[in-house]
Amino acid sequence: MPQLSFHSPIGMLTVSEEDGRIVSIDWGWVEDSRETPLLERAREQIEAYFDGRLAAFDLPLDPAGTPYQRRVWDALLGIPFGETRRYGDVARALGSGSRAVGSACGRNPIPIVIPCHRVVGGNGGLGGYSGDDGIETKRFLLRLEGARL
């Protein structure tokens, strides 16, 4: 599976591709990075996002997950740049429960691009974040987008 590692403001990231689609973004570095046109495009878009030049990604995605998780991730893709939704809001839209939405967010294999960081707790808290540095990374991403915290 082709993978490309690069530095970002939130640490080292590795983007993975399979069958012409992005399948994951992980924190960390792989030694055998291999650049492909799609991985280069993904890196360019992620760097543009961090530079404040990109608000919407245009990448083919294929996150591995259950049908329910994929429904949640599709819903997250509909949350506009700089806005947040509560776990309960997403759950109601899907006819589900808040904990199930939180669980799907925690298993999101393509963070940043599938914006699980835009989902926050109903009590005014940020909730959790599975990325490196956890909630601090979520806070950084939300501030980068100008979201109200």
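The values are calculated or read from the model by the stated rules, or taken from the named source; none is laboratory data. The structure displayed is predicted, hence computed values, not measured ones. Ideal geometry is used to build each Cβ from the backbone, glycine not excepted, and the neighbour counts take in all protein chains shown. Ligands, DNA and RNA are stripped out before the accessible areas are found, and what is left, the full protein with its side chains, is counted by its heavy atoms. Shrake-Rupley method; radii C 1.70, N 1.55, O 1.52, S 1.80 Å.
Inside the stretch 92-129, can you point out the residues that are among the hydroxyl-bearing types (Ser, Thr, Tyr), under 28 Å from Glu17 (Cα atoms) and surrounded by fewer than 20 Cβ atoms within 10 Å (Cβ to Cβ)? Full working, then the answer.
Residues of the stretch 92-129 among the hydroxyl-bearing types (Ser, Thr, Tyr): 96, 98, 103, 129.
Next, from what is left, pick out any that are under 28 Å from Glu17 (Cα atoms): 103, 129.
Ser103, the sole residue that qualifies.
Across the stretch 114-128, what is the total count of residues that are assigned to a helix (DSSP H, G or I) and more than 11 Å from Arg86 (Cβ to Cβ)?
Looking only at the stretch 114-128, we keep the residues that are assigned to a helix (DSSP H, G or I), and these are 116-118.
This time we only want the ones that are more than 11 Å from Arg86 (Cβ to Cβ), so: 116-117.
The total comes to 2.
Just the residues that are within 25 Å of Arg92 (Cα to Cα), in a loop (DSSP other than H, G, I, E, B) and open to solvent by less than 60 Å² (accessible area, probe 1.4 Å), please, taken from the stretch 48-77.
The answer is Pro63, Gly65.
On the given criteria, is Arg21 basic (Lys, Arg), surrounded by 15 or more Cβ atoms within 10 Å (Cβ to Cβ) and farther than 27 Å from Gly127 by Cβ?
Numbers: basic (Lys, Arg): yes; surrounded by 15 or more Cβ atoms within 10 Å (Cβ to Cβ): no; farther than 27 Å from Gly127 by Cβ: yes.
No.
Suppose we keep only residues that are among the small types (Gly, Ala, Ser) and outside any strand (DSSP E or B) within the stretch 1-38. Which one would you say is farthest from Lys138 (Cα to Cα)?
Gly20
Sort out which residues of the stretch 79-91 are assigned to a loop (DSSP other than H, G, I, E, B), over 19 Å from Pro63 (Cα atoms) and open to solvent by less than 40 Å² (accessible area, probe 1.4 Å), and write them in order of number.
First pass over the stretch 79-91, keeping only residues assigned to a loop (DSSP other than H, G, I, E, B): 79-84.
Next, only the ones that are over 19 Å from Pro63 (Cα atoms) stay: 80-84.
Of everything in the stretch 79-91, just one residue is assigned to a loop (DSSP other than H, G, I, E, B), over 19 Å from Pro63 (Cα atoms) and open to solvent by less than 40 Å² (accessible area, probe 1.4 Å), namely Gly82.
Can you tell me which residues in the stretch 130-145 are open to solvent by 30 Å² or more (accessible area, probe 1.4 Å) and closer than 18 Å to Ile46 by Cβ? Show your work before the answer.
Keep residues of the stretch 130-145 that are open to solvent by 30 Å² or more (accessible area, probe 1.4 Å), which gives 130, 132-133, 135-136, 139-140, 143-144.
Those that are open to solvent by 30 Å² or more (accessible area, probe 1.4 Å) and closer than 18 Å to Ile46 by Cβ: Ser130, Asp132, Asp133, Phe140, Arg143, Leu144.
What are the residues in the stretch 36-86 that are touching a Gly at 6+ places or on another chain (Cβ under 8 Å) and not small (Gly, Ala, Ser), if any?
Taking the stretch 36-86 as the starting set, the residues that turn out to be touching a Gly at 6+ places or on another chain (Cβ under 8 Å) are 38, 55, 60, 73, 82, 86.
If the condition is that a residue be touching a Gly at 6+ places or on another chain (Cβ under 8 Å) and not small (Gly, Ala, Ser), then Leu38, Pro60, Trp73, Arg86 are the ones that fit.
Among the listed residues Arg85, Arg99, Arg92, Arg53, which satisfies the condition of being closer than 20 Å to Gly134 by Cα and free of Cβ contacts under 8 Å to residues at least 24 places away in the same chain? Write out each step before concluding.
Numbers: Arg85 fails: free of Cβ contacts under 8 Å to residues at least 24 places away in the same chain; Arg92 fails: closer than 20 Å to Gly134 by Cα; Arg53 fails: closer than 20 Å to Gly134 by Cα.
It is Arg99.
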